[in-house]
Structure formats: structure tokens, C-alpha cells
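Data first, discussion second: the structure below is written as C-alpha cells.
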Amino acid sequence: MDVVTLGETMALFTPNQSGLMRYAVSYSRKIGGAESNMAIGLARLGHRAGWISRVGDDELGKAMLHVIRGEGVNVDKVTIDPDSPTGLYFKEFRKAGDIRVQYYRKGSAASRMSKADVDEDYIKQASYLHISGITPALSASCKEMLMEAVNTAKKNDVTVVFDPNLRRSLWSEEEARNTLLDIASEADIILPGIAEGEFLFNTKDPDELGRLFLKQGAKEVVLKAGDQGTYYYNHGLSQFVPAFKVDTVVDPVGAGDGFAAGYLSGLIDGLSAEKAIERGNAVGALVTQAEGDVEGLPEMEDVQQLVNDENNSEDVQR
């Protein structure tokens, strides 16, 4: 296994018309979740990914397993919970550039994950453990489970990759800040956005954020600056990798998960940090051009074409 990840995936309902959702009469059903999005992204790029979670013993949970397994992600460690439902959320396209999301996840099957869901043999076979800051916000048992997974990974020399993925609505600012900083101190690689860095350290300055995250304990910091690009820091190097231009953003949700998949794909393939980030930027850009969390996740030939086109364009300009 190249990467093991863990967290909640939900059924996603999107109105079949734009505007206020109160007027919607029909919806399309998809799936979405930061960790499974990333795992599907890796599988489409030709890598082996495993996902740990819980789903309800309901049609939505069964559909979710069917889709994620069909995408090539290993779901052997997903538990079907007979007592709690699969979570769901709604994505409302009010107008161009105004997309709102409403979550209905309280008491979901995934919120009942616990340390019992952590399988050491499953995690230690992976090169990377990918985690996000959403999981510890779901419940006390989820937080315990995530820390158990981190400890298991570190014990077995599995690299811990942490995407803070801040969701303010899930917990208090104090608890979120303290928990995310605690996890950041245990991570080998951290993938924050500028806004998440500002939330944690009260500064937007990229170099200052890079220094603070390294001081917190990370060995490498990959700091995402949206459509500008991505900053990279380790204890001896800092650099900036520009984003790919996107003429029309259809749906930005899931772009960060796509970036994580592309970046980890680059690391798995032995690319330099700069080239791995370039791949992550390319995947993130492609994701924004399709509606849905996973529908725009590309295959490797799509990524390579975008990277080659960009490099050829730069050569012409020079």
C-alpha cells in the first residue's frame, strides 16, 4: 500500500438547478469526503490507497462502498455500522462563484469511529499515513482514533502527512487551534492553506508561517496559496511553485484534496519536492473544472498533458 487514510465520507446531494436551494425539486447524488477524495485521486494516478472509516448499514453507505471500491481504493478496513446512519451534505450553487455547503453529520456512523478501528498491520504496510483535521472534530472517540493511528504510523516508520482542513463549524476555535497544533507537532509533512496558517498563528506571511510550522515539529511544510501557487519549506530550503491558470472555476470544493493526491503521487514516484508540488498544483487545477468532489480528479495522462502544455508555453514566452 502506498497511502492509508482515514476519515468520514458522506453522501452529497446537489440541486439540479442553480439558485436558492429552497426552490430545488430534484437533486443528483454523489459522494464526498476529504480523505476518500484524496484516496480516489491517488488511485486514478495509478497508486495503491486504503481508506479506514465507518458507514451506515443503509443504501447510502452501500452506494458509497460500491463507488469507492470501484475506483480502486482498498476498503477492507471500512466497518458497516448497524446502529448509525451514513452522513450527508448538500452543495448549493446559488450563483457563479457562490457555492455553499450544509452538513448533516451529527451522530453519523463515521463519528463513532474509535481506536478499535486502527489496525496496526494495515497501517504499517503503507509508506504514508494521510490524515485531516476534520476527523478529530467529529467526536472524542474520533480524536482518540486519529492520535492512535498517528502513534501507530510513527512506531512503524510510516510518514505522517497532515492536512489541517479546518472546519470552524465543527468545534470551538480554542479546541480547534489546540488540537490542530498538537497534531501538527506529530506530523512529518503538513499541508496547510494560508487561511489555516493565519487561524493557527495569527499571521498571513508565508515565510513566517513556514518557520512556525517547522518550529512546531514538521519536517516539511507545503503551504497552499490558492490560485497563486504553493510555498515549500524544510529546514534548509524554501521555494515557491506557481499555480496553473484556470480560466473558469466550476467547483472549487475538493481542489485541496486533489492537490494532496497529486503531491503524494509525486513523492511516491520519487519526484523532487518542486516537481511533486507541480503535480499537486496540476491536479488541484483540474479538479476545479468539474462539478463534484471527485468527478474532476484526473488520470496521469491528463496531469502530464497540463504540465507539458504549461512548460511548452513558458518556453515559447522565453
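The values are calculated or read from the model by the stated rules, or taken from the named source; none is laboratory data. Owing to the predicted nature of the structure, the values given are computational and were not obtained by experimental measurement. When we count neighbours, we look across all protein chains shown, and the Cβ atoms used for this are built from the backbone with ideal geometry, even at glycine.
Things worth noting here:
- Of residues in region 134-178 being charged (D, E, K, R), at pLDDT 95 or above and not in a helix (DSSP H, G or I), the one nearest to the chain's Cα centre (by Cα): D163
- Of V294, V250, V222, all but one fail to be outside any helix (DSSP H, G or I), buried (at least 16 other Cβ atoms within 10 Å of the Cβ), modelled with pLDDT of 90 or more and not charged (D, E, K, R); the exception is V222.
- From the list A260, A285, A273, A290, the lone residue that is farther than 22 Å from G33 by Cβ and either of a type in the set (A, V, I, L, M, F, W, C) or free of Cβ contacts under 8 Å to residues at least 24 places away in the same chain (or both) is A273.
- Listed by position, the strands (runs of 3 or more DSSP E) inside region 46-133 whose residues that are in contact with a Phe, Trp or Tyr (Cβ under 7 Å, 6 or more places away or on another chain) number at least 3 are 88-95, 98-104.
- Figure legend. Inter-residue proximity from region 164-177: first residues surrounded by fewer than 21 Cβ atoms within 10 Å (Cβ to Cβ), second residues hydroxyl-bearing (S, T, Y), beta-carbon distance below 9 Å, spacing 6+ or different chains. Indicated pairs: R167/Y103; S169/Y103; L170/Y103; W171/T179.
- Odd one out for T203, checked against (1) within 21 Å of L129 (Cα to Cα); (2) without any contact (Cβ under 8 Å) to a residue 60 or more places away in the chain: (1)
- Counting residues in region 104-111 that are in contact with a helix residue (DSSP H, G or I) (Cβ under 7 Å, 6 or more places away or on another chain), basic (K, R) and without any contact (Cβ under 8 Å) to a residue 60 or more places away in the chain gives zero.
- Of all the residues in region 99-132, those that are under 25 Å from G254 (Cβ atoms) and more than 21 Å from the chain's Cα centre (by Cα) number 1.
- Set side by side, the residues V73, V25, V101 differ, and just one is of a type in the set (V, I, T) and either within 30 Å of K154 (Cβ to Cβ) or surrounded by 15 or more Cβ atoms within 10 Å (Cβ to Cβ) (or both), which is V73.
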